[in-house]
Amino acid sequence: MSQRIPVVEKILSANDQLAEDIRKRLDAAGVFSYNLMASPGAGKTSLIERTIAGLAGRNRLAVIDGDVATSIDADRARAAGALAVQINTGGECHLDAFMMKSALETLNLDLVDLLIVENVGNLICPASFKLGTHRSVLIASVPEGDDKPYKYPGMYRGVDALVINKTDLLPHVDFDMAYFRRGVEILNPELVTFPLSCRTGEGLEAWLEWVAAGPDGGQARDDRE
Ligand code: MG
């Protein structure tokens, strides 16, 4: 057992090194980037579609989609009007910097202002692997339940922004917003939050402004663990 720990550390540090290189490459190309994380079904792809439509004519978007299988999500992003690349992880529960590098090689960054990375749907593993993106965003959704910050603290602790999606369902489910927000506050005080509904469009404007603001939309949290 004791021999396993150094191996894991080595993998992570190689990943972090590559993530730093990716960040430099994005900076050099003038691309500002977001790593979207959430459980399956929280609305990552729906939010991306809304974001592409909402920023059309203002920012040129590209999307890197991570899924275990299929190109359904990249197809949706492309149909919505963005450059899109699909990564199939073949079973891995997260994206890593090596996959990110391969995907970037297929994109012409001269045509891109904002890059959104849709991570694999999972509330544990993606938090541990840096991709070189500038901001980490978590999407929670109302039907998932109000206890998720308490159950998945690592994910909530490490992000720069929190989207609370499917607010249109609040009247129909038992979701105690105050209890949810208390859990978030303990883990990540002053976290910027965007309650919204991708279905109705309510609350989307504040999110779009934050994304479009790029580096002015909130501080990087690279120093956080
Ligand atoms: Mg998706």
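Annotation note: of 185, 190, the sole residue that is open to solvent by 60 Å² or more (accessible area, probe 1.4 Å), over 23 Å from residue 116 (Cβ atoms) and at pLDDT 95 or above is 185.
From the list 33, 39, 13, which one is modelled with pLDDT under 95, at negative phi and of a type in the set (Gly, Ala, Ser)?
Exactly one residue qualifies, and that residue is 13.
Regarding residue 11, is this residue more than 19 Å from the chain's Cα centre (by Cα) and either surrounded by 20 or more Cβ atoms within 10 Å (Cβ to Cβ) or away from the ligand (no atom under 16 Å from the Cβ) (or both)? Considered against the rule, which asks whether it is more than 19 Å from the chain's Cα centre (by Cα) and either surrounded by 20 or more Cβ atoms within 10 Å (Cβ to Cβ) or away from the ligand (no atom under 16 Å from the Cβ) (or both), residue 11 comes out as yes. Selection of segment 25-50 for residues being within 16 Å of the ligand (Cβ to nearest atom) and either out of contact with any strand residue (DSSP E or B) (no Cβ under 7 Å at 6 or more places or on another chain) or open to solvent by 30 Å² or more (accessible area, probe 1.4 Å) (or both) yields 39, 40, 41, 46, 49, 50.
Consider residue 92 carefully, then state whether it is acidic (Asp, Glu), open to solvent by less than 20 Å² (accessible area, probe 1.4 Å) and either more than 22 Å from residue 14 (Cα to Cα) or touching a residue at least 24 places away in the same chain (Cβ under 8 Å) (or both). Taking the combined requirement at face value, the residue does not satisfy it. Applying the criterion of being within 12 Å of the ligand (Cβ to nearest atom) and in a helix (DSSP H, G or I) to the residues of segment 71-86, the residue that is surrounded by the most Cβ atoms within 10 Å (Cβ to Cβ) is 77. The single residue among 110, 168, 174 that is more than 11 Å from the chain's Cα centre (by Cα), farther than 21 Å from residue 206 by Cβ and either touching a residue at least 60 places away in the same chain (Cβ under 8 Å) or open to solvent by less than 40 Å² (accessible area, probe 1.4 Å) (or both) turns out to be 110. Just so you know, in segment 202-221 the residues that are exposed (fewer than 13 other Cβ atoms within 10 Å of the Cβ) and assigned to a loop (DSSP other than H, G, I, E, B) include one that is modelled with the lowest pLDDT, and it is 219. Of everything listed in (1) free of Cβ contacts under 8 Å to residues at least 40 places away in the same chain; (2) of a type in the set (Phe, Trp, Tyr); (3) farther than 22 Å from residue 63 by Cβ, the single unmet condition for residue 180 is (1). Quick one: is residue 22 closer than 29 Å to residue 216 by Cβ and either open to solvent by 10 Å² or more (accessible area, probe 1.4 Å) or of a type in the set (Val, Ile, Thr) (or both)? Yes, satisfied. A count restricted to segment 115-150 and to residues that are open to solvent by less than 20 Å² (accessible area, probe 1.4 Å), in contact with a Phe, Trp or Tyr (Cβ under 8 Å, 6 or more places away or on another chain), assigned to a helix (DSSP H, G or I) and not aliphatic (A, V, I, L, M) stands at 1.
The values are calculated or read from the model by the stated rules, or taken from the named source; none is laboratory data. Because the structure is a prediction, the values reported are computed rather than measured. For neighbour counting, all protein chains shown are included, and Cβ atoms are generated from backbone atoms with ideal geometry for every residue, glycine included. Side chains included, ligands, DNA and RNA excluded: accessible areas come from the protein's heavy atoms. Shrake-Rupley method; radii C 1.70, N 1.55, O 1.52, S 1.80 Å.
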